[in-house]
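The block underneath contains the structure these notes are about, expressed in structure tokens.
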Amino acid sequence: MDDGLKTRISNGEYKFINETIKSSLFDLFSENDLRNIGKILLFQNCTFEGYLEFEDIKREDLNFKFIECTFKSEIAIKTCHFETLGFIDTKSITTVTICSCTLDNLYFRNNDKTPIRGNVDITNNIVFENLKLDNLNHSDDEFSFSLSLKNEHSNIEHQNLKSTFKNSTFKNLELSSGFYGAETSFKKLEIENELRITDCKFKKAFFHEIVNLGKNCIFHDCKFYSYFGFEDNRNCENTNLTFKSCLFTSFPHFNRSHFNHLEIEHCTFDRKTSFDELEVKSIKLYQATFIQGAFFDDIKIRNLEDKNYFKNLSIPEAKELRRTLRTIKHELYKTENRIDYNRFRGYELQAYYKEINWKDNFKDKFILITAWFSTGFDHSWLRAMAFTLLSALMFYCSFLISEDYLNSFQVYKGNEFFSGYFRFLLVTDFYNPLIKQRVFLTEPLSWLIFILGKIFIAFGIYEMIQAFRKFKS
């Protein structure tokens, strides 16, 4: 370390402005070097050349700040205890390491969004009051920004911590471990590639007015003890949002947000959860437990609106989709949303039809294909009526052929044809529809066609009635 700087600090000098500070390898600051300064150690508009390290310094009243500084080599702050550690309006960095420190306040923020290149590693620290990483622009492909805390949610000293990542831009951001406080704000956050949050605990967490969440946003083994707001984020239509093994003990809201893909696996939601007006291209829910229910009103899944989507599904994909649709359908039923319930019931039937094969599930496959022909999986009463009339016409014509009447049929006998057809439509009329008198059929083949026709007519009428009743409880 530059002897002049070390001597000056040891002699009680605490402000360094507009200086170039050179240090040599293996030199570092210890607690003994800071014993004579007061509550402030300030570097403003300074340029650091060479490795700089502060280690094992316990000054609980010290406000240690770097303002408008340039770091041309690595700076490391390890196992220190300060009141405040701040990097504000930093101009340039190579590598910044803040490791195993205990701090009341940690600031790494800018007042504008000047791009910063370099690696930032903030690891295994304890922060009590404020963690602010605002207005940063750290978006270079070559560098990483990682943060972890060892705060404990059960420790009352950390209950007032506020963490903010407002208006910041990162190429990749990784948060891991620890409790991030009573309130955490990611307002206007922009991620260019990936946000990964692992083993983190939050009370109130706000993801509002998000600019972009990159390709992937992953929450793994996280716990949210109060409100979790992921609402009105319409700029994330290219983001794959994933929650795995997470616990939500309060009220999570995803209302009116847009994502490419939403995946929730092995998660528990203790309180009511809302996905109202959520729009995604695809969604996967696997072993997601909604203890007090979830709202999926007016949810839009763009893949399901593609007419060719179900045709192109493989059997494993159809099975996975059916599980998701069944979960959503169940929650819609619990909230008595009959309109969306019927919509997702139709989607579930389509997925199940694609999932099963004729060899192993002949009965279910036959019932589903008959339901598709009769009303479609969306229960259309018009389609049911058309199915009934056309099925009756087909069997009636087959019946005519079997009775050898059609061979002599001519246009002037049209009234007789349609009179017999309308009699054939009467499900409870088992007399020969071609004879005015009440006469039973005599030919076995005619009986077979006649009975099959009645079955299809009855089925079509039943499906039409069900289609009219689909919004009733």
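The values are calculated or read from the model by the stated rules, or taken from the named source; none is laboratory data. Just so it is clear, the model here is predicted, and its values are computed rather than measured. Here Cβ is always computed from backbone atoms with ideal geometry, including for glycine, and neighbour counts include all displayed protein chains. Just so you know, the surface numbers come from the protein's heavy atoms only, side chains and all, with ligands and any DNA or RNA stripped out. Shrake-Rupley method; radii C 1.70, N 1.55, O 1.52, S 1.80 Å.
When Val411 is tested against the conditions (1) at pLDDT 85 or above; (2) open to solvent by 50 Å² or more (accessible area, probe 1.4 Å), the lone failure is (1).
Of the residues examined, Leu262 is one that is assigned to a strand (DSSP E or B), within 19 Å of Ile210 (Cα to Cα) and modelled with pLDDT of 95 or more.
For the range 175-193, the criterion of being within 27 Å of Asn235 (Cα to Cα), modelled with pLDDT of 90 or more, among the β-branched types (Val, Ile, Thr) and open to solvent by less than 30 Å² (accessible area, probe 1.4 Å) is met by at least one residue. Screening Asp404 against (1) assigned to a helix (DSSP H, G or I); (2) at pLDDT below 85 leaves a single unmet condition, (1).
Total residues in the range 221-255 satisfying the condition of being in contact with a Lys or Arg (Cβ under 9 Å, 6 or more places away or on another chain), hydrophobic (A, V, I, L, M, F, W, C) and in a loop (DSSP other than H, G, I, E, B): the figure is 3. For the range 254-293, the set of residues classified as open to solvent by less than 50 Å² (accessible area, probe 1.4 Å) and in contact with a Gly (Cβ under 8 Å, 6 or more places away or on another chain) consists of Thr273 only.
Within the range 53-81, the residues that satisfy the criterion of being hydrophobic (A, V, I, L, M, F, W, C), within 42 Å of the chain's Cα centre (by Cα) and either surrounded by fewer than 18 Cβ atoms within 10 Å (Cβ to Cβ) or outside any loop (DSSP other than H, G, I, E, B) (or both) are Phe54, Phe64, Phe66, Ile67, Phe71, Ile75, Ala76, Ile77. Among the residues of the range 186-193, not a single one is within 21 Å of Leu262 (Cβ to Cβ) and touching a residue at least 60 places away in the same chain (Cβ under 8 Å).
If you check Gly38, Gly50 for being of a type in the set (Gly, Ala, Ser), over 23 Å from Ser176 (Cα atoms) and either open to solvent by 50 Å² or more (accessible area, probe 1.4 Å) or in contact with a strand residue (DSSP E or B) (Cβ under 7 Å, 6 or more places away or on another chain) (or both), only one passes: Gly50. Condition first: open to solvent by 70 Å² or more (accessible area, probe 1.4 Å), touching a Gly at 6+ places or on another chain (Cβ under 6 Å) and of a type in the set (Asp, Glu). Can you find one or more residues in the range 364-387 that meet it? Yes: the range 364-387 contains one or more residues that are open to solvent by 70 Å² or more (accessible area, probe 1.4 Å), touching a Gly at 6+ places or on another chain (Cβ under 6 Å) and of a type in the set (Asp, Glu). All of Ile210, Ile264, Ile191 fail the test of being under 13 Å from the mean Cα position of the chain (by Cα) and β-branched (Val, Ile, Thr), apart from Ile264. Limited to the range 15-35, what total is found for residues that are out of contact with any strand residue (DSSP E or B) (no Cβ under 8 Å at 6 or more places or on another chain) and assigned to a strand (DSSP E or B)? Number satisfying all stated conditions: 0. The condition of being part of a helix (DSSP H, G or I), open to solvent by less than 70 Å² (accessible area, probe 1.4 Å) and not aliphatic (A, V, I, L, M) holds for only one of Tyr333, Tyr347, that being Tyr347.
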